[in-house]
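Below is one structure, written out as C-alpha cells; comments come after it.
No value in this document is a laboratory result; all are computed from the given coordinates. Just so we're clear, the structure is a prediction, and the values are computed from it rather than from any experiment. Using ideal geometry, Cβ is built from the backbone for each residue, glycine included, and neighbour counts are taken over all protein chains shown.
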Amino acid sequence: MITVRSRNSVKAAADRLEAELKAHGVTVFARIDHAAGAVSAGMSLRPTELLVFGNPKAGTPLMQAQQTIGIDLPLKILAWEDPVGAVWVSYNDPAWLAARHGLGNETQQPVRALAATLARLAEAAAGGPGEQPR
C-alpha cells in the first residue's frame with residue numbers, strides 16, 4: 001500500500017481527487033463516506049472517504065492477461081484521518097496487484113503507467129507532493 005500525507009482535510013482531498021478524475025474522463029463509480037456510515041450505525045469513525053474509479057482502457061488489458069485482477073478493479077483511493085488529526089491518502093500499489101495476480105511481462109508497461117497515474121492522483125488529492133507515513 002502506498003500512503004502519502006495530505007495538506008487537505010479528508011473531504012477536500014476526496015473532492016480534489018474526484019474533480020481530477022472527472023477532468024481526465026475517468027469514471028467515478030462510487031464515493032463512500034465511511035464515517036457517515038458509522039454514524040448511521042450509531043458508531044463513530046474519524047473522517048474516512050473512499051473513491052472507486054476506473055477506465056476500461058487501463059483495466060481491460062490487465063484483465064485480459066489475468067481475469068482475477070478484476071477483484072481488485074476498479075481502483076480505489078482512500079482519504080483518511082489518523083488519531084492525531086493528520087490526513088493521509090492511500091492506494092494499492094499496482095506492482096503489488098500485478099504480483100498478486102501473477103501478471104506477466106506483457107503487462108509491465110501498463111502497470112508502470114497505472115502506478116504513475118495513481119501517484120499523480122494521490123498527490124493532487126493531497127495538495128502536492130506528500131510525505132510517507134512514519
task: Considering only residues that are within 19 Å of residue 3 (Cβ to Cβ) and of a type in the set (Gly, Ala, Ser), look in the range 101-122 and name the one that is nearest to the chain's Cα centre (by Cα).
output: 122
query: All but one of (1) in contact with a helix residue (DSSP H, G or I) (Cβ under 6 Å, 6 or more places away or on another chain); (2) assigned to a strand (DSSP E or B) hold for residue 78; which doesn't?
result: (1)
query: In this structure, does residue 98 turn out to be under 14 Å from the mean Cα position of the chain (by Cα) and part of a helix (DSSP H, G or I)?
result: no
- request: Considering (1) within 14 Å of residue 125 (Cα to Cα); (2) surrounded by fewer than 19 Cβ atoms within 10 Å (Cβ to Cβ); (3) within 16 Å of the chain's Cα centre (by Cα), say which one residue 32 fails and leave the rest.
  value: (1)
Filter result for residue 7 (of a type in the set (Lys, Arg), more than 25 Å from residue 111 (Cβ to Cβ) and out of contact with any Gly (no Cβ under 6 Å at 6 or more places or on another chain)): no
- prompt: So which residues in the range 25-71 are of a type in the set (A, V, I, L, M, F, W, C), part of a helix (DSSP H, G or I) and farther than 21 Å from residue 98 by Cα?
  reply: 35, 36, 38, 39
query: Just a yes or no: is a residue in the range 53-70 in contact with a helix residue (DSSP H, G or I) (Cβ under 7 Å, 6 or more places away or on another chain), touching a residue at least 12 places away in the same chain (Cβ under 8 Å) and closer than 18 Å to residue 8 by Cα?
result: no
